[in-house]
């Protein structure tokens, strides 16, 4: 196969299930490929929310220090290539095809899921490029995720919240235990959850990790970062677009690794650091939009806090489309008093997406009055111009609910142009 899309379509059909947690199959192929250690130093990032932001922050800071960096994250918004970056650049189609061919040859008759196959491709690309650092974002959970075949020098958990209940359970202690599966005995562990489950603390202690917990060994509050442990640090930071706890964890990990640039350079990097779909402000068609991929209650709580700290003089209107297996009530509850009017939307091409009735019932269940909800529930691409037509220059349109929702809107913006 010569084109990337044909490969991706094939990978979706290679394994009988979309997700199959476990490391035996993917580990066996990694050994054949010789990618059990994809870089000189490895940092693995797990957690419910904020993983991608943490990886992006470390990537930018390491590159500012002239290190070569491979970054692996998921899911993507517009292009698969977004998932694998080398020195800040998305890998080209030709590189991905070469990696897929290498994995395909190495796997023999071993069946791999889409995520396992593409994870191995990322490791192969990092190994081929000879990067100094590999920054790896866990896909789901931690202990049995394909990324966990690699032994990291530093493990980071950004947050522990309830999500993916079908796979991880609905108890933070159980979820925390799964996420703590990325920790390694005697290695460094950084935790950005201000109230980590006891299971995480217990596992880090039993493994003898050199552990750094936010609010104890390090902090980022009131515009100041501080690391109380060695090497002791304290400096002011600019206002951040990305979640402060994830940024703080990234800074802490690199400080402990001895790879953090000077405070002035750190601030320069953080001041310009942006990430698509994370409280992303877009001015388009003379209207203000805020795009956020938040899709669980914890992410909605952070988003509500961000909106309150960045008010507009007019109204906040929301366009929301979600997956059917998500806690819609928990997603809406933190935002119901901040959002003035709701435009429920659909993702008809996604079999996992919630239908109109489910969304409307979810809004009503948490007390959103019917007069504050559009009675027209249409696909995102059709609902977008309707929502934009309902707001003025002083208002803002919040787009959230899933990666797919934000991706649909970004695709429309890219197709029609004119955004800034």
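The values are calculated or read from the model by the stated rules, or taken from the named source; none is laboratory data. All values derive from a computational prediction rather than experimental measurement. No Cβ is skipped: glycine too gets one built from the backbone with ideal geometry, and neighbour counts run over all protein chains shown.
The table below gives the values:
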read-out: Only listed residue being modelled with pLDDT of 95 or more, touching a strand residue (DSSP E or B) at 6+ places or on another chain (Cβ under 8 Å) and part of a helix (DSSP H, G or I), chosen from 120, 96; value: 96
read-out: Helices (runs of 4 or more DSSP H) lying entirely in the stretch 237-349 (those with 1 or more residues that are within 19 Å of residue 372 (Cα to Cα) and assigned by TED's automatic domain parsing to the domain that holds residue 227); value: none
read-out: Any hit, the stretch 78-90, residues being assigned by TED's automatic domain parsing to the domain that holds residue 32 and over 26 Å from residue 64 (Cα atoms); value: yes
read-out: Lone qualifier among 56, 83, 107 - being at negative phi and either over 15 Å from the mean Cα position of the chain (by Cα) or without any contact (Cβ under 8 Å) to a residue 12 or more places away in the chain (or both); value: 107
read-out: Lone qualifier among 110, 45 - being in contact with a helix residue (DSSP H, G or I) (Cβ under 6 Å, 6 or more places away or on another chain), outside any helix (DSSP H, G or I) and surrounded by fewer than 24 Cβ atoms within 10 Å (Cβ to Cβ); value: 110
read-out: Qualifying residue in the stretch 157-166 (condition: in the same structural domain as residue 45 (by TED's automatic domain parsing), modelled with pLDDT of 90 or more, surrounded by fewer than 20 Cβ atoms within 10 Å (Cβ to Cβ) and in contact with a strand residue (DSSP E or B) (Cβ under 8 Å, 6 or more places away or on another chain)); value: no
read-out: Single residue of the stretch 293-322 satisfying the filter (surrounded by fewer than 18 Cβ atoms within 10 Å (Cβ to Cβ) and under 21 Å from residue 384 (Cβ atoms)) that is farthest from the chain's Cα centre (by Cα); value: 314
read-out: Candidate set from the stretch 375-393 (those that are under 30 Å from the mean Cα position of the chain (by Cα) and part of a loop (DSSP other than H, G, I, E, B)); member that is modelled with the highest pLDDT; value: 391
read-out: Count of residues meeting criterion [exposed (fewer than 13 other Cβ atoms within 10 Å of the Cβ), touching a residue at least 60 places away in the same chain (Cβ under 8 Å) and within 27 Å of the chain's Cα centre (by Cα)] in the stretch 394-415; value: 1
read-out: Residue within the stretch 266-274 that is in contact (Cβ under 8 Å) with a residue 60 or more places away in the chain, over 20 Å from the mean Cα position of the chain (by Cα) and crowded, with 19+ Cβ neighbours inside 10 Å present; value: yes
